[in-house]
Amino acid sequence: MNQRLPGHAATVVIGGGVVGCSIAYHLAKAGQKDVVLLERSRLSAGTTWHSAGNMETYRADPLIFEIVRYGVSLFPELEKESEQALGWRTTGRVMYTHLPARMAAYRSVPRLAHARGIEVELLDARKLEQRFPILDVSPILGGLWIPNDGRVNPTDLTMAYARAARRRGATLLENCAVQRIRSANDRVQAVETTIGEIRCDNVVVAAGLWSSDITSTCGVPLPLYALEHFYLITKEMPEVPRDLPMFLAFDDYLYGREEVGGLIVGCLDRDALPIATRDLPSDFSFGLLNERWDQFEPYMSTALQRFPALERAEIRMLLNGPESFTPDGQMIIGPVPPVAGLFVAAGMSSNGIALSAGVGRIMAEWIVAGRPDLDVSRLDVRRFARCQASESFMRRRATEIPSYCIEMHGPGDDYRTARDVRLSPLHEYLAERGAHFRSICGWERASWVDRDGRELSPRTLVDEEIAATERDVLAIDGSMNSKFLINGDGAAAAITELFGAASVPIVGEATTVLADDGCGAIVALASLARLAESVWLLSAEAEQETSFREWIRVRLQQPHVSVRDITAEYALVRLLGRRRERVIREVLVPANGLCGSMPASCWRDRTAAVDALLVPKGMALELARQLESLAVPWGGHFAEEANRIRRGRPAFGRELSAFTDVPAADFRCFSGRAVGPANPGHRAVMGTIDCDPGLDSGLEPVFSSELPVGWLTSAAWIRSQGSSVVMARVAAAHAGARLQVLVGDELVPLRPRES
Ligand SMILES: Cc1cc2nc3c(=O)[nH]c(=O)nc-3n(C[C@H](O)[C@H](O)[C@H](O)COP(=O)(O)OP(=O)(O)OC[C@H]3O[C@@H](n4cnc5c(N)ncnc54)[C@H](O)[C@@H]3O)c2cc1C
């Protein structure tokens with residue numbers, strides 16, 4: 001192999017695992033010249049080589065489904081092009097469960113899978129036994145059969161990407177370790193390696209669990225942490241036929257398959273063991289970690305019950321390898337602000353083989369065309385806040401990710417770890433009054449408030465809060481929103497230029513504005529409030545923190561414009577409901593003390609039907625007591641969401657995102673410039689359905705004439721109406737058709753809202 005480092009590359013890919021090699025291949029395939037991949041050891045030497053290589057072809061999430069589907073469709077072509085066999089074997093897979101709730105969820109899968117072009121069969125226990133004879137089905141209710149699932153040889157797949165990439169002109173260098181990414185003025189300049197420096201326009205860090213160490217060299221750590229991840233390998237077992245399907249049992253935390261006549265049994269650990277990269281040898285290559293029998297014992301014991309033949313099996317080894325996980329168990333991909341030209345594709349969370357092809361294509365589109373084809377906002381690294389990249393956050397959070405991602409959750413569930421990282425000034429006050437919190441970007445945000453400690457169901461409590469917004473008033477703590485005060489001589493001109501004159505509110509009012517990147521992509525949805533003639537407050541929901549901050553940094557750094565981040569200094573309270581205007585008047589009357597003792601600002605957003613109050617954090621409790629004296633109840637995020645959805649207002653990452661192909665003009669709340677594609681691929685449809693898809697709904701499939709044509713982006717059950725208000729993203733050609741939503745295993749008509 002040629003070990004001369006080129007002086008310059010259009011894109012340097014760091015890491016020669018399955019993901020890096022796929023990215024190099026797809027970049028070269030997309031026509032990029034000068035692609036250079038750098039691997040510190042040998043290709044596949046990190047996590048890839050010891051992967052089980054299983055591919056689940058059916059995924060409930062439409063985005064992940066598309067990503068895996070692309071991979072499976074690419075494999076034959078890749079095999080041909082690279083002349084490298086991938087070791088692909090279609091074995092089929094059984095999924096089984098002993099839990100009634102899981103079994104109920106499985107009932108809707110065959111219909112949806114069939115509509116998406118994948119065969120999935122619902123199995124009762126008897127049929128399960130026929131498909132998977134080594135399983136003791138006595139406690140099992142049934143499951144699914146997915147005939148097209150298969151496995152691939154991870155090393156062969158990596159070599160195939162690498163060979164095909166080289167044939168298309170990419171340079172792949174082994175034994176070349178990256179030491180530092182050099183940046184200047186927030187732009188990537190070069191990559192420094194053990195064999196010299198290479199200047200470049202873009203860097204994609206695809207170094208698996210080492211990715212954060214590498215991005216940290218230019219000041220940006222990533223929300224990523226490695227766990228010890230293991231599976232058992234037995235010697236040959238007479239009971240195991242060579243064509244035994246793979247198995248996946250979420251409720252047992254187990255997966256596995258046949259391996260050389262024996263069994264592989266892996267676990268998705270409940271309290272997984274974190275491992276810091278500094279605790280691995282610096283030359284860790286084709287390495288494994290120590291066997292962890294204590295940790296595996298509970299899973300082994302379940303496996304012995306399920307597969308009695310295991311009792312007689314001889315164990316080859318308990319393979320333990322490191323794999324990296326993110327705060328929500330989905331990969332992190334995309335540009336890493338604030339360093340222009342820096343990209344990441346890591347944190348595959350035990351799915352990197354199955355996702356590698358799709359990730360490669362997405363990253364190549366991002367770099368070559370500026371934006372991927374799919375809406376990947378749920379995978380975008382910018383969905384996390386900076387505090388989530390800290391060692392203390394990730395080391396704790398990662399431990400529960402493998403199991404959390406496969407468990408069934410209700411609206412009251414959330415991660416146990418890395419909580420109370422950032423607290424609103426009203427947190428304790430609300431907690432004492434029965435608030436139930438969820439963690440969002442390190443913040444604790446109230447979902448609902450059980451103010452009388454009645455321990456009612458979340459649904460009942462949220463219904464009561466929604467009813468309060470219909471009849472009376474409800475206060476919501478929005479202090480965790482990112483808040484920037486904008487003033488200075490140039491502020492008015494800058495605001496008008498950024499959002500268009502029609503979006504600029506009068507003093508005391510607010511509008512919803514689209515923060516775009518100047519090239520048409522929406523990077524945040526913000527509230528623009530005018531506090532005084534030339535004083536503005538721009539605020540955005542906590543989920544948007546990273547993109548929003550980056551947008552402020554890039555677009556509002558202008559002469560004569562002063563920008564002050566007041567997120568941590570001020571509390572923000574929003575009032576919903578008819579009585580809100582009266583409450584605001586009463587709170588602000590000096591005789592009531594508030595205005596006399598504190599500098600409060602308030603504004604009204606008429607389209608959102610929200611009034612807001614902003615006070616210094618030291619005054620937050622005084623404001624809360626004022627509201628208490630006016631008998632204003634507190635509520636949480638679900639009630640606020642219902643208010644938003646009823647008014648047809650989009651949320652960032654749901655209805656609109658940086659990748660959306662839905663025109664912003666579909667939402668009537670924008671009075672400013674239209675942003676979005678001229679020929680939309682999807683349209684936003686608003687309407688109602690006569691059922692409650694649940695508090696945590698989202699992504700329920702939308703059908704037109706048996707075809708899946710989109711999915712719900714938001715839904716809110718409105719008890720007083722006896723129906724749910726929904727927003728959906730639907731393929732443009734079907735937006736006017738008769739639509740149905742799959743809720744559970746029933747197709748429910750979606751009645752479009754009359755405009
Ligand atoms: C036990 C186990 C079972 C698994 N089973 C499955 C499965 O069945 N299906 C599935 O889809 N996934 C599975 N996975 C997950 C899958 O293996 C990983 O997601 C995938 O291999 C990650 O690939 P990667 O390219 O991101 O990282 P890696 O394979 O770790 O590649 C990163 C590369 O970067 C290199 N590198 C690091 N630092 C530097 C540097 N400074 N300079 C240059 N190069 C550097 C490393 O040497 C390494 O080769 C499993 C993982 C484990 C641990």
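The values are calculated or read from the model by the stated rules, or taken from the named source; none is laboratory data. This one's a predicted model, so the numbers in the text were calculated from it and none came from an experiment. With ideal geometry, Cβ positions are generated from the backbone for all residues, glycine too; neighbour counts draw on all protein chains shown. These area figures cover heavy atoms from the full protein model, side chains too; ligands, DNA and RNA do not enter into them. Shrake-Rupley method; radii C 1.70, N 1.55, O 1.52, S 1.80 Å.
Quick one: check the C-alpha center-to-center distance for the range 111-146 versus the range 646-671, whole angstrom.
Centre-to-centre (Cα) distance: 39 Å.
On C-alpha positions alone, give me the angle between the axis of helix 293-306 and the longest principal axis of the chain, in degrees, nearest 10.
The helix 293-306 is inclined about 80 degrees to the chain.
May I ask for the angle, rounded to the nearest 10°, between helix 545-555 and the longest principal axis of the chain, with both axes built from Cα atoms and the value confined to 0 to 90°?
Approximately 70 degrees, to the nearest ten.
Grab the other residues whose beta carbon is less than 15 angstrom from that of F75, score K and R as +1, D and E as -1, and report the net.
Once all neighbours under 15 Å are counted, the net charge is 0.
From the phi of every residue in the range 728-737, what ³J(HN,Hα) in whole Hz does the Karplus formula 6.51 cos²θ - 1.76 cosθ + 1.60 yield, where θ is phi - 60° and glycine or proline is x?
Couplings: 9, 10, 10, 3, 3, 5, 10, 4, x, 7 Hz.
Ignoring ligands, DNA and RNA, what accessible area per residue does the range 259-382 give at 1.4 Å, in Å²?
On a per-residue basis, 36 Å².
Give the shape of the range 240-303 as rounded, prolate or oblate, defined through the alpha-carbon gyration tensor: a ≥ b ≥ c are the square roots of its eigenvalues, a/c under 1.5 means rounded, and otherwise the shape is prolate if a/b is larger than b/c and oblate if not.
The shape class here is oblate.
Once each part is reduced to its C-alpha centroid, what is the distance from the range 693-755 to the range 497-526 in angstrom?
That distance is 29 Å.
In whole Å, largest first, what are the principal axis extents of the Cα atoms in the range 482-566?
Principal-axis extents of the range 482-566 (Cα, largest first): 28, 26, 25 Å.
Over the chain, how many pairs of lysines fall under 28 Å by alpha carbon, counting only those 8 or more apart in sequence or from different chains?
Value for the chain: 4.
Give me the distance between the Cα centres of the range 275-339 and the range 472-495, rounded to whole Å.
One Cα centre to the other: 45 Å.
For the range 318-443, just say rounded, prolate or oblate: build the C-alpha gyration tensor, square-root its eigenvalues into a ≥ b ≥ c, call rounded for a/c under 1.5, and beyond that prolate if a/b exceeds b/c, oblate if not.
Prolate shape, in that a/c is at least 1.5 and a/b is the bigger ratio.
Rounded to the nearest whole Å², what accessible area per residue is found for the range 163-256 with the 1.4 Å probe?
Here the residues of the range 163-256 average 37 Å² of exposed surface.
Note the per residue figure in Å³ for the convex hull of the C-alpha positions in the chain.
It is 157 Å³ per residue.
At 222 nm, what helix-only mean residue ellipticity would the chain give, in deg cm²/dmol to the nearest 500, using -39500 (n - 2.57) for each DSSP H run of four or more?
-7500 deg cm²/dmol
Please work out the average accessible area per residue across the range 482-566, using the 1.4 Å probe convention, and give it in Å².
That works out to 37 Å² for each residue.
How high is the FRET efficiency from R107 to A737, r the C-beta distance, R0 35 Å, rounded to 0.05?
Here the calculated transfer efficiency is 0.85.
For helix 458-471, what angle does its Cα long axis make with the longest principal axis of the chain, in degrees from 0 to 90 and rounded to 10?
Between helix and principal axis, roughly 30 degrees.
Calculate, in nm to one decimal, what A678 and R471 gain on full extension: separation in residues at 0.36 nm each, minus their alpha carbon distance.
Residue separation times 0.36 nm, minus the Cα-Cα distance, leaves 70.4 nm.
What trypsin sites (Lys or Arg not before Pro) does the range 440-470 have in DSSP loop regions with at most 15 other beta carbons within 10 Å?
The qualifying sites are R454.
Let me make sure I get this right: for the range 598-641, a, b and c are the square roots of the gyration tensor eigenvalues over alpha carbons, sorted descending. Under 1.5 in a/c it's rounded, otherwise prolate if a/b > b/c, else oblate. Which is it?
oblate
Rounded to a whole number, what % of the accessible area of the chain do carbon and sulfur atoms account for, probe 1.4 Å?
Exposed carbon and sulfur together represent 49 percent of the surface.
Assuming 0.36 nm per residue, please report the length gained on full extension of the stretch M317 to E455 beyond their Cα-Cα distance.
44.9 nm is the gain from fully extending M317 to E455.
DSSP loop (so not H, G, I, E, B), at most 12 other Cβ within 10 Å: list which chymotrypsin sites (Phe, Trp or Tyr not before Pro) in the range 414-485 pass both filters.
none
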